[in-house]
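Working notes, beginning with the structure itself.
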2 protein chains.
Amino acid sequence: MEFKILKKSKKSRARLGLLKTPHGVVETPALVVVATQAAVKALTFEEVKKTKTQILISNAYHLHLRPGEKMVEKSGGLHKFMNWDKPLMTDSGGYQVFSLGFGADYKMGKIITEVRSKNQELSIKLGHQPKSLKITKDGVRFRSYVDGQEIFMTPKESMKIQKALGGDIIFAFDECTPPIADYDYTKKSMETTHRWAKECLAAFRNKEVRNKNNRQALYGIVQGGKFKDLRVESAKFIGSLPFDGFGIGGELGFNKKTMFKMLDWVMEVLPEGKPRHLLGNGHLEDMEKIFKSGVDTVDCIVPTHYARHGIAFTSQGRLDLNKKELLNDKKPVDKNCDCYVCQTYSRSYLSHLFRAREIAPLSLLTFHNLYFFNSFVEKIRERIKREII
Amino acid sequence: MEFKILKKSKKSRARLGLLKTPHGVVETPALVVVATQAAVKALTFEEVKKTKTQILISNAYHLHLRPGEKMVEKSGGLHKFMNWDKPLMTDSGGYQVFSLGFGADYKMGKIITEVRSKNQELSIKLGHQPKSLKITKDGVRFRSYVDGQEIFMTPKESMKIQKALGGDIIFAFDECTPPIADYDYTKKSMETTHRWAKECLAAFRNKEVRNKNNRQALYGIVQGGKFKDLRVESAKFIGSLPFDGFGIGGELGFNKKTMFKMLDWVMEVLPEGKPRHLLGNGHLEDMEKIFKSGVDTVDCIVPTHYARHGIAFTSQGRLDLNKKELLNDKKPVDKNCDCYVCQTYSRSYLSHLFRAREIAPLSLLTFHNLYFFNSFVEKIRERIKREII
């Protein structure tokens, strides 16, 4: 993989770049579209390709449980298995350690549900363990939600899985620290992530488990929660290791202010020449600020998830297609959008389909939202180019 | 509308024809693809058009309840509303009188569930009424499943609705007689259907409720259950009225032997020059026999409904993609199929997606099944042409 910075903004840390992968070039800043289980929910890949999507991210944890990386490997790898011949990332499963662990215990929703964890400020302390999984110094023990089998996920195992899957960019296995963890928990969790980062690098370089085509890139993940000294320490440590790029992790969508502060701390420290990926964050209203902080790529379920719930993103704001009023609205979802859904269907028709619980509108609105998000990011690239931001 | 018979088989009653509608020509025999709520479930119309689908059928009953025919009319009619510019039928709602009435009471599943009504032979007698709706001589009274509002559907009302919707071919409002109705019930029900047929014709010709473009065709519906004298009487009566074509109604999928006998009785009597449509029946294994009986078009939920349950139709028979064994099967769904799904994806990948409860495989398999069914019927047309059947 090669990362070329074409232009650096003089007004912010934003950069315009090209991420060259074995499956094509990604123009950055870019949205990485989520395809957790080797599918973008509600779309075929023929459709995904028409949404200006440049790169996808699948999930090693979910694919390990089902259908299993060995099966995918036998099919010729994830690209071939799902018929996506463009750039592809896989996430390591570190986030799932959070979401199925403390995330579930404390009902801390991600951006998905927009549930926030109120009155739980720093309630996870050193020594605490989530109910349904056990985090040890070597890895995470849990049961498969598919067949109940006990699994022990380690950095080495995650590398093995991700090599078998064969994504162009893979991520180190980390502990995604809960946002309500206190300083001591966060520090220890960060140290675990750091130790695992080195183990991932070792396993990644180990030829025994090396991916055949040998052209994968590995990103390390910065943790450290909401604490400045820890974030800086983590960025320094992870930034000093020979990773090809860096993920910025931690469930930080809970508090936007903290997230942007954190991004500043981290970007100040990370080596400039390597790509940076913000994991699981990318609300439309934050996008420009995120990229201005120096992030090159983000992955986010917002466009696809909201689409399935009837929420369209438009140049005029959000639009809830479940609403009865829209039944009589013959305008397109967004009059300023040139996607085929906006060129073809009315709000009225889509609203009818959502209200009638049809399946087709899930595809149609996912298409629009992805097209809209990708166009939105495209415009940000244009603005960096023209030195506006 | 014009119906032109190009060729009559010498070996059966099969005919090759052209059904010319204001929105294009349908080569018959043809499968009419179900789009009940103004959408083919799990597909966009861009996709539907690539499945060799020639004509759709939507449902006046469902569209009356949601979103309402007035709204559709204001959008420029059903074609424009749903962006389907090819031939389109609407069903009258007669079948729903059965399925939501006695069908529900006796748990008589349609082909959908493949439940049969055992030990209920002829248990509906003269004077019986279903629990949740009331069938009077003038119409059917029931409550909307959408908002609980009381609705009285009459032949005239059904015509009004279908004119507002604006399908190319519309159907008379009938009572779809339950297959377990005894002789007396069936006779009286048939007489109701006959009276309503005349009322539909009158309303259809009434300029006050005439569709603007004035180019719709109206099909009458033959009932008479499983009783030969009633079926013959109904075919004679309905056949003598100035309909543009004929539907053959009644829930007859319960007993295939009866269905084929019934088709023989009816086809013997119906005027030859007009098109005949078998309502709601079209299992793949029956298709050739149905068309050999002299039917020109069938509508059937089998290809789309089964697809959503992971069942593929192939040249080697049915294939259940939910099965674990298929996870390792790299072959396409059907090696003899040239649809894009079979050219692109493996059984393995589709099986993974079904097992992972993704949405995309519903679209992918619906696409294949429709393509497969339409190709199957295409071959039947070819065989009639070449005088094989």
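Couple of notes before you dig in:
- Overall form of segment B:1-93: prolate. Here a/c, set by the Cα gyration tensor axes a ≥ b ≥ c, is 1.5 or more, and a/b is the larger of a/b and b/c.
- Loop-resident sites, segment B:208-313, for trypsin sites (Lys or Arg not before Pro), counting at most 12 other Cβ within 10 Å (DSSP): B:LYS212, B:ARG215
- Dipole magnitude (debye, nearest 20) for chain A, charges at Cβ of Lys, Arg, Asp, Glu: 480 debye
- For B:ASN281, the amide hydrogen comes within under 5 Å of the amide hydrogens of B:ASP299, counting only partners 5 or more places away or on other chains and with H modelled in the peptide plane.
- Within a Gaussian network of chain A (alpha carbon springs, distance under 10 Å), most fluctuating of A:GLN129, A:GLN149, A:GLN37: A:GLN149
- For the protein assembly as shown, the dipole from Cβ point charges (+1 on Lys and Arg, -1 on Asp and Glu) about the Cα centre works out to 700 debye, to the nearest 20.
- Farthest toward positive dipole pole in the protein assembly as shown [+1 Lys/Arg, -1 Asp/Glu at C-beta], among A:SER189, B:HIS23, B:LEU350: B:HIS23
- Cα centroid separation, segment B:1-32 to segment B:219-242: 21 Å.
- Cα centroids of segment A:324-365 and segment B:354-373: 22 Å apart.
- Comparing A:ALA60, A:ALA104, A:THR44 along the charge dipole axis of chain A, the residue lying farthest to the positive side is A:THR44, per the Cβ-charge model.
- Sparse-neighbourhood loop sites, trypsin sites (Lys or Arg not before Pro) in segment A:66-100 - DSSP loop, at most 13 other Cβ within 10 angstrom: none
- Between helix A:183-205 and chain A: long-axis angle, C-alpha atoms, 0 to 90°, nearest 10: 90 degrees
- Residue of A:GLU69, A:GLU47, A:GLU121 that the Gaussian network model of chain A assigns the largest fluctuation, springs spanning Cα pairs under 10 Å: A:GLU121
- Label-point separation in nm, B:GLU268 to A:ASP320, each point 7 Å along Cα→Cβ: 6.2 nm
- Nearest-ten-degree value, helix A:256-269 long axis tilted from longest Cα axis of chain A: 50 degrees
- Of all the options B:HIS79, B:HIS352, B:HIS194, the one that moves most in a Gaussian network model of chain B with Cα springs shorter than 10 angstrom is B:HIS352.
- Cα-based helix-to-principal-axis angle, B:360-385 vs chain B, degrees rounded to 10: 70 degrees
- Computed over the protein assembly as shown, the range of Cα coordinates on each principal axis works out to 90, 50, 45 Å, biggest value leading.
- P(r) histogram, all alpha-carbon pairs of segment B:168-320 included - 5 Å bins from 0, percent: 2, 9, 18, 20, 18, 13, 9, 7, 3, 1, 0
- Percent of beta bridges antiparallel (DSSP, chain A, rounded to nearest 5): 45 percent
- Per-residue mean of foreign Cβ neighbours for A:42-51 is 4 (Cβ atoms of other chains, 10 Å radius).
- Ellipticity estimate at 222 nm from DSSP helix runs (n ≥ 4, -39,500 (n - 2.57)) divided over the protein assembly as shown, nearest 500: -11000 deg cm²/dmol
- Counting Lys and Arg as +1 and Asp and Glu as -1 over every other residue whose Cβ lies under 15 Å from the Cβ of B:PRO67, the net charge comes to +4.
- Projected area averaged over orientations for segment B:2-300, convex hull of C-alpha atoms, nm²: 14.3 nm²
- Partners of A:LYS137 within straight-line reach, counting aspartates and glutamates whose Cα lies under 16 Å from its Cα and excluding those fewer than 8 residues away in the same chain: A:GLU157, A:ASP174, A:GLU175, A:ASP184, A:GLU191, A:GLU199.
- Left without a cysteine partner by the 4.7 Å Cβ rule in chain B: B:CYS176, B:CYS200, B:CYS300, B:CYS339.
- Each semi-axis of the equivalent ellipsoid for segment B:41-161 is √(5λ) with λ an eigenvalue of the Cα gyration tensor; in descending order they amount to 30, 20, 12 Å.
- P(r) tail, segment B:256-376: Cα-Cα pairs separated by more than 21 Å, 44% of all pairs.
- Between B:ASP147 and B:GLN343, full extension at 0.36 nm per residue minus the direct alpha carbon distance yields a gain of 66.1 nm.
- The mean count of C-beta atoms from other chains within 10 Å of the C-beta of residues in B:329-335, rounded to a whole number, is 1.
- Once the mean of 1/r is taken over each pair of separate Cα atoms and inverted, segment A:148-258 shows a Kirkwood hydrodynamic radius of 14.5 Å.
Every number in this text was worked out from the coordinates using simple rules, so none of it is lab data. These figures come from a predicted structure and were not determined experimentally. No Cβ is skipped: glycine too gets one built from the backbone with ideal geometry, and neighbour counts run over all protein chains shown.
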